[in-house]
């Protein structure tokens, strides 16, 4: 048996550095956080070759005392806490006393620093954690730390660094996050001798956001301002006009600390449920303030993971804050500067147009004006709409599929009033292609096109969801189905029988890692029960507590199956009944899949298309 012995300091430091310094990104994060803790209001970050050849952080903070500089690069030395009790009241970003020692252990470091009480500053060099020189130097108040030849003495670690573009992208991400964390600090970011961005020193968070992101994102921002007994949540989230294919622009800070919290992402997106297309994610910039004793930041050396003592409450408050921001406006898609005229071969045009030619310049001008469909904010009164139109319409037989979905409005958890109408008063003009209901407002200044299938989906979806929320789940007996499982899956089911029961799925232990199911909710009657069970299991394992996403998905499918289809011919009374029920929904603007239900075009835009207005 090998002898048990104490490792030497060099090996200990390199092992410790592996936990704290994973990549150039980690170094940038740790050094900038130190600058923030030092009270700097101007910070410059400079990198070369994705940080592999140079990382330099310069700040105008309070600097490091000459007699404390060497100690700052020793492990577990810090000025930010004194005892373990201080971990319960942290207001600084750093506190572990490991970053500088870990950085120095795997690179060559130069540090120049001066406090305001010193006439001269001090310059110190370290290689592999060993001080090689130290001298007085003239310099401004603050600290500059330069890191070169990263992992020069740990070739195995250096070999696993990714390409320059990949590592640079990670650094860009963390620098943006750090700049967003403190709008009162001006950040300057230099990448390979080029200034990537500079943020202003401001007291308005949105000014920082606007300096870092494109105009489309900025124009879509909704303010979040929410406070409860245990948490304060401020910042911005995007409306339905802006979304991305990943979650990289969901940036959250807790007490000024940038964090990553997977479950919080789920709750953020839950506030957008059915409002965005599948696999599309909103952007948001949230600042959460909470009593430090209610959050544990000492989970991982990187300090980006945190745990909340009252996690479920905090996450639901985040969801509520975003929900309130989203529901502070009414949103409808509006066609702007669009035209149906497109350049096409003459042979495809009707005979009547054969002799008509548009100037090439005109076509190019039209094409230049083509833009994506945008969302616009609309606020309408609570007047009961469609009553006039329905009173005028003679009684006609109504299909059961249409007549059966009239329902009372949902009980809203937060702000919506019952019977609040979110659509203007409309007059039905006709139907296009047995699919699109064409309407105009009573002032005849706006035209609306409504997808009958998407509208009916929304109505049915909210009806089914209301039944689920009220726990009025109708059960259906099925031929008993036995599902054989792995031990892990079986144990998860047995540990969460109450959750399955709440969902209307009654599970019996069938022995030998198998379960028996006799009843299911009627909303699942056309679904594969095994798939439903495994959807529940996946959610339980992924987020520790069941996510209702799979239930919502099934409700969406049910709503779709029960809805009128594209191409179904509807009587005028059915159309008006459909619109009346649509006006009672919480969200009449999108179907449960996130696609638009209604699109608006103003008379002004129409007249521009027909060149009745020249501008």
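Among the residues of segment 488-507, are any part of a strand (DSSP E or B) and modelled with pLDDT of 85 or more? Yes, that holds for at least one residue.
The sole residue among 111, 32 that is surrounded by 20 or more Cβ atoms within 10 Å (Cβ to Cβ), more than 30 Å from residue 293 (Cα to Cα) and modelled with pLDDT of 90 or more is 111. Looking only at residues of segment 316-336 that are assigned to a loop (DSSP other than H, G, I, E, B) and touching a helix residue (DSSP H, G or I) at 6+ places or on another chain (Cβ under 7 Å), we find that the one that is modelled with the highest pLDDT is 335. The residue that is modelled with the highest pLDDT, counting only those in segment 299-315 that are touching a helix residue (DSSP H, G or I) at 6+ places or on another chain (Cβ under 7 Å) and more than 13 Å from residue 259 (Cβ to Cβ), is 310.
Rundown of residues vs (1) under 24 Å from the mean Cα position of the chain (by Cα); (2) without any contact (Cβ under 8 Å) to a residue 60 or more places away in the chain; (3) closer than 16 Å to residue 46 by Cβ; (4) not assigned by TED's automatic domain parsing to the domain that holds residue 237, yes/no style:
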residue: 156; (1), (2), (3), (4): no, yes, no, yes
residue: 160; (1), (2), (3), (4): no, yes, no, yes
residue: 167; (1), (2), (3), (4): yes, no, yes, yes
residue: 172; (1), (2), (3), (4): yes, yes, yes, yes
residue: 180; (1), (2), (3), (4): yes, no, no, yes
residue: 183; (1), (2), (3), (4): yes, yes, no, yes
residue: 186; (1), (2), (3), (4): no, no, yes, yes
residue: 191; (1), (2), (3), (4): no, no, yes, yes
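Only residues that are outside any loop (DSSP other than H, G, I, E, B) and more than 11 Å from the chain's Cα centre (by Cα) were counted across segment 237-261, and they come to 5. Among the residues making up segment 557-586, those that are crowded, with 22+ Cβ neighbours inside 10 Å and modelled with pLDDT under 85 are 558, 559, 563. Among the residues of segment 130-169, those that are assigned to a loop (DSSP other than H, G, I, E, B) and out of contact with any strand residue (DSSP E or B) (no Cβ under 9 Å at 6 or more places or on another chain) comprise 151, 154, 160, 161, 162, 163. With respect to the conditions (1) surrounded by 14 or more Cβ atoms within 10 Å (Cβ to Cβ); (2) closer than 18 Å to residue 32 by Cα, residue 195 falls short on a single one, namely (1).
The values are calculated or read from the model by the stated rules, or taken from the named source; none is laboratory data. No experiment lies behind these values; they were computed from the predicted model shown. Heads up, the Cβs are rebuilt from the backbone with ideal geometry, glycines too, and the neighbour counts pull from every protein chain shown.
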